[in-house]
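The values are calculated or read from the model by the stated rules, or taken from the named source; none is laboratory data. All figures in this text were calculated on a predicted structure; none of them were measured in a lab. Note that each Cβ is placed from the backbone with ideal geometry, even for glycine, and that neighbours are counted across all protein chains shown.
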């Protein structure tokens, strides 16, 4: 093992929360929570590469952000395909000479119980995208970070569903929740593996958030938010982005291997339905 890369502590609050000039890669950064993460980094002065399947929508986001003055890239990629991830990294490397932050946000929802899932096709698809995608991106971009010897930050986006909450009679999502539980575990694993290289790995577990994946929630969920949830509202994508910016900043250099809930207090009071 070569000399360890140790991220120095901050010595003052000047620029402690700054990510200005950082090169950031965000999967699924074109919509939902990913769009909020993209906006947060861009507004804080970072350059952003959006990797997603719908490159046209990513290009539209880049055009919207252009007045902020950074460099914004739209890269077509199916994150569940390892070869496409490698090709996307090579395309990004034509513009960015290194990457400071990778946000593994892209994922898909699920609806079927395993007993209604013919040949477990949905289960396999969700696991391939929600777990296989972040694993492939972490391997490819993590190796780039290792090679550049600059350290870095990898952020996973999981879910409080990964902690085993929820009533399967109301919203059966075994594949989704299992994939997110695996992401939590992968976070711990990579944090240990990459620590000597100065690369930190953390995870954000959103609760109820206006992301596009919340459209199919049953009415009982809205009743729960209004009556029981401590903050009494859904989270917003840019709030997840704000936490990503903090985790990537010098202020958070002693944080790694953490799974941080962003849930408005749901896990404090528990689900009541």
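Looking at residue 257 and the list (1) in a strand (DSSP E or B); (2) surrounded by fewer than 18 Cβ atoms within 10 Å (Cβ to Cβ), which single condition is not satisfied?
(1)
At pLDDT below 95, touching a helix residue (DSSP H, G or I) at 6+ places or on another chain (Cβ under 6 Å) and either in a strand (DSSP E or B) or within 16 Å of residue 107 (Cβ to Cβ) (or both): which single residue out of 175, 179 fits that description?
175
Suppose the filter is at pLDDT 95 or above and crowded, with 23+ Cβ neighbours inside 10 Å; does residue 10 pass it?
no
Taking only region 14-60 into account, find how many residues are in a loop (DSSP other than H, G, I, E, B), closer than 24 Å to residue 251 by Cβ and in contact (Cβ under 8 Å) with a residue 12 or more places away in the chain.
The total comes to 12.
Tally time: how many residues in region 230-254 are part of a loop (DSSP other than H, G, I, E, B) and closer than 26 Å to residue 103 by Cβ?
Total meeting the criteria: 7.
Would you say residue 221 is crowded, with 16+ Cβ neighbours inside 10 Å, out of contact with any helix residue (DSSP H, G or I) (no Cβ under 7 Å at 6 or more places or on another chain) and modelled with pLDDT under 90?
yes
Residues 161, 212: which one is more than 24 Å from residue 23 (Cα to Cα), modelled with pLDDT under 95, in contact with a helix residue (DSSP H, G or I) (Cβ under 6 Å, 6 or more places away or on another chain) and buried (at least 18 other Cβ atoms within 10 Å of the Cβ)?
After ruling out the rest, the residue left standing is 161.
Quick one: what pairs do we get from region 126-155, first residue on the phi < 0 side of the Ramachandran plot and surrounded by 17 or more Cβ atoms within 10 Å (Cβ to Cβ), second modelled with pLDDT under 95 and in a helix (DSSP H, G or I), C-beta under 6 Å, 6+ apart or different chains?
Hits for this filter: 126/175; 126/176.
I'd like to verify a number: residues in region 104-125 that are surrounded by fewer than 18 Cβ atoms within 10 Å (Cβ to Cβ), under 22 Å from the mean Cα position of the chain (by Cα) and over 21 Å from residue 50 (Cβ atoms), how many?
3
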